[in-house]
Amino acid sequence: MSVIRAVFLILTTSAIGGTSYVAYHGAGGESFDLDRSVRTGSGGVFVGGRVK
Amino acid sequence: MSRAPELATINCTACGAGLDVLGGGRVTRHICSYCGTELDATDNYRALKKFANQARPETPFRIGMTGTVVGVDWTIVGVLQHRENWAGKTWEWIDHQLYSPTHGYAWLTLEDGHVTFARRMRGLPHSAWMSERWVETAENVPTVSIHGQRFRYLQTSTSTVSFAEGEFTWSPTSGEKTVSISALAGDSMIDFAETGTEREIHQVTWLDPAQTCVAFGLEPKAIRPKGVHPAQPYRGWKEKPFLRNVSGLAAVAALVIGLVLSFLPGTPVLEPVTTGFSQLPRTISFEITDPARRLAGIYFSSNVSNSWAYVEVELTDPQDETLFEAGRTIEYYFGRDSEGNWSEGGRYASLHFLPTVPGTYELTLTGVEQGVWGNQSRNATYVEVTAKQGMSSGTYLFLLALVFALLAALLSAGRMIHHTRRWRHSDWSDD
C-alpha cells in the first residue's frame, strides 16, 4: 500500500472516529439560540453576580 | 500484376527524381513527392496523372521514418491530407500510410496535435456496419455491436483528399469524397469509412503524442495536442480511484453513524411537570447523573389552539450559576380552506444543552406572553415540561458525510469532465 493511501486511510478513520466520539457526547446538538452567561465559558469572577 | 519485390529506389518517370520504394508488395500507386505525378507501381511506374496537390501539410512525420507503434515496427510510406468543409468551417487531418513487412498496412493520423493509430478490421459480419443513411434517418442514436462491444454513433465526416505523396495500396483521387462515421464504446473507437464503392472498418487507437514522437525519432514535444480526442482514454492520478472509493465509503459510514446517534433516545430525568401560566414564575429541578455530561434536552408542550405562547426560561447549574436564558414559542394553527383541512406549527418546542457537571439543575419558567389568531382560537393555559439526558447528536457526522461526499464527487469529476469532452465531438442531435 502506498504512503498516500495509508495516510488517507488514517486521516479518514481518525476523522470519523473523532467526530463520532464528540457526536456521541452530543457536540453539535446544542440549541444555537441559548443566551449563555459568559461565566459558563470564562470561569472568571464578576462583580455583582450575573453578568448578563 | 505486382511490383518487383527487390526494388529499393526508382526514378520518377515524369520528373526523374529519385524515390525510395518502401511500401511492400501490395502498393499499386506511387505519387512523386517532387512533381505530384501518380505512377502506376504495377506497370513499371508509368505516369498516370498529375495529382492536384495543394500546399504540403504541416506534419513532423515524413516518408521513410520508422517507429514502433503498438509493439510493431512501422515505416511511413505515404502521406494524405484530408479536408472537410461544413457550415463555413474547415477541418484538416493528415493520414500517414504505415507499412510493416510482418503486419501489412495501417494509418497514423494527426489531427489537432493528437495521433491515432488505425488498422483495418477484417472478417466482420455484414451487420457490423453503420451507414450514413441509417444515421440520417435514425430516431435514436445508432449503435453497432462488434466483438462484444456496443459502439455508439459519434460523428460523420465527409472529406476529400487535398494532398498526397508516397506509396498507397489504392489510388487516391483528388476531390473524391470519403464518408467516415465514427462510433465509440468506452475508450474504443471504430471508423466506418466509405469511398465510392469501397467500405472499410478501422479500429482507432489514441497514441500518447510524446511517446509516438520519440518512437519516430522526433522531439517529445514535436506535436502539441489541443483539447481531448474522442478516442483518448482518461489518465487520471493513479491514486484517484482509491481515494474516491474510500471517500465514498467514509461518507456512507459517517451518514449511518450520524443517523444511529441521532436516534439514540436518551434517559428521562424529569417526568412531565404541568404548570399553569398563572403560577409563573416557577422553578423545576432535575438531576443530571451522566458523568460524561452528554447532551441534555428540555421539552415543552402547551394547549395552544390557533394561538401562540412564548415561554421564557432560565437554567442554573449545580453551582447555582446561570447556564443560559432562552425562550421558546409554542404555536399551533389550523383551519379549513378550498383545498381541505390544514394545520401549521405544533404544540411542542424543545431546547438542548451540554451540562457542565453532573448534579441538580434548576429550570425557572420566568414568564409568558401569548396571543390568538382567527376563529376557534383559545389562549393556552399551561405549559408541560420534561427533560432527558445522555443524548447524542448526528450534526457533525452529517457535515463530515457531506465533506466526504463532496471529496468523492471532486475525485470523480475529472473522469466525468473527460467523458463529456470526448463526447463533445458528437454531431448527433435528437432533433
Return the residues of the range B:99-128 that are part of a loop (DSSP other than H, G, I, E, B), without any contact (Cβ under 8 Å) to a residue 60 or more places away in the chain, at negative phi and of a type outside the set (Ser, Thr, Tyr); say none if nothing qualifies. B:103, B:122, B:125, B:126
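Hey, can you tell me all the residues within the range B:188-212 that are over 20 Å from residue B:157 (Cα atoms) and either more than 29 Å from the chain's Cα centre (by Cα) or part of a loop (DSSP other than H, G, I, E, B) (or both)?
As a first pass, look at the range B:188-212 and keep what is over 20 Å from residue B:157 (Cα atoms): B:207-212.
Within the range B:188-212, just B:208 meets the criteria.
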Restricting the range B:325-350 to residues that are hydrophobic (A, V, I, L, M, F, W, C) and buried (at least 20 other Cβ atoms within 10 Å of the Cβ), the residue that is farthest from residue B:284 (Cα to Cα): B:330
Considering only the range B:351-374, how many residues are in contact with a Gly (Cβ under 8 Å, 6 or more places away or on another chain) and surrounded by fewer than 16 Cβ atoms within 10 Å (Cβ to Cβ)? 1
If we ask which residues in the range B:230-247 are away from chain A (no Cβ under 11 Å), buried (at least 20 other Cβ atoms within 10 Å of the Cβ) and among the charged types (D, E, K, R), their number turns out to be 0
Top-ranked residue of the range B:108-128 - restricted to ones that are within 28 Å of the chain's Cα centre (by Cα) and of a type in the set (Gly, Ala, Ser), ranked as surrounded by the fewest Cβ atoms within 10 Å (Cβ to Cβ): B:113
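For the range B:279-374, which fully contained strands (runs of 3 or more DSSP E) count at least 1 residues that are in contact with a Cys (Cβ under 7 Å, 6 or more places away or on another chain), touching a residue at least 40 places away in the same chain (Cβ under 8 Å) and within 11 Å of chain A (Cβ to nearest Cβ)?
Working: elements: B:282-288, B:295-302, B:307-316, B:322-337, B:340-346, B:348-353, B:359-372.
In the range B:279-374, no matching strands (runs of 3 or more DSSP E) lie anywhere.
Within the range B:281-290, can one find any residue that is among the β-branched types (Val, Ile, Thr) and not assigned by TED's automatic domain parsing to the domain that holds residue B:304?
Residues of the range B:281-290 that are among the β-branched types (Val, Ile, Thr), as a first pass: B:283-284, B:288-289.
Now narrow it down to the ones that are not assigned by TED's automatic domain parsing to the domain that holds residue B:304: none.
Scanning the range B:281-290, I find no residue that is among the β-branched types (Val, Ile, Thr) and not assigned by TED's automatic domain parsing to the domain that holds residue B:304, so the answer is no.
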Tally the residues that are more than 18 Å from residue B:194 (Cα to Cα), in contact (Cβ under 8 Å) with a residue 60 or more places away in the chain and within 24 Å of the chain's Cα centre (by Cα), restricting the search to the range B:129-166. 1
Does residue B:250 satisfy the criteria of being among the aliphatic types (A, V, I, L, M), surrounded by fewer than 15 Cβ atoms within 10 Å (Cβ to Cβ) and within 10 Å of another protein chain (Cβ to nearest Cβ)? no
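Quick grid of which residues meet (1) touching a residue at least 12 places away in the same chain (Cβ under 8 Å); (2) within 14 Å of chain A (Cβ to nearest Cβ); (3) polar (S, T, N, Q):
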position	(1), (2), (3)
B:182	yes, no, yes
B:203	yes, no, yes
B:206	yes, no, no
B:211	no, no, yes
B:228	yes, no, no
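When the range B:385-407 is examined, which residues are found to be more than 9 Å from every other protein chain (Cβ to nearest Cβ) and over 38 Å from the mean Cα position of the chain (by Cα)? If you could, list the steps in order and put the result at the bottom.
The initial filter retains those residues of the range B:385-407 that are more than 9 Å from every other protein chain (Cβ to nearest Cβ), namely B:385-389, B:401-402, B:405-407.
Within the range B:385-407, B:385, B:386, B:387, B:388, B:389 qualify.
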Name every residue in the range B:191-204 that is surrounded by 17 or more Cβ atoms within 10 Å (Cβ to Cβ) and either farther than 30 Å from residue B:178 by Cα or not charged (D, E, K, R) (or both), in order of residue number. B:192, B:193, B:195, B:201, B:202, B:203, B:204
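So that you can scan it fast, the table gives a plain yes or no per residue for (1) aliphatic (A, V, I, L, M); (2) modelled with pLDDT of 95 or more; (3) within 30 Å of residue B:357 (Cα to Cα):
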site: B:223; (1), (2), (3): yes, no, no
site: B:238; (1), (2), (3): no, no, no
site: B:267; (1), (2), (3): no, no, yes
site: B:282; (1), (2), (3): no, no, yes
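Among the residues of the range B:392-424, what is the count of those that are in contact with a Ser or Thr (Cβ under 8 Å, 6 or more places away or on another chain) and assigned to a loop (DSSP other than H, G, I, E, B)? Spell out the reasoning first.
Step one: filter the range B:392-424 for residues in contact with a Ser or Thr (Cβ under 8 Å, 6 or more places away or on another chain), giving B:392-394, B:396-397, B:400, B:404-405, B:407-408, B:411.
If we keep only those that are assigned to a loop (DSSP other than H, G, I, E, B) too, we end up with B:392-394.
Count: 3.
Please verify whether residue B:373 is among the aromatic types (Phe, Trp, Tyr) and at pLDDT below 90, treating the condition exactly as stated. Working first, answer last.
On the way: among the aromatic types (Phe, Trp, Tyr): yes; at pLDDT below 90: yes.
The answer is yes for residue B:373.
The values are calculated or read from the model by the stated rules, or taken from the named source; none is laboratory data. Source: prediction; values computed, not measured. Don't worry about glycine lacking a Cβ; one is built from the backbone with ideal geometry, like all the others, and counts go over all protein chains shown.
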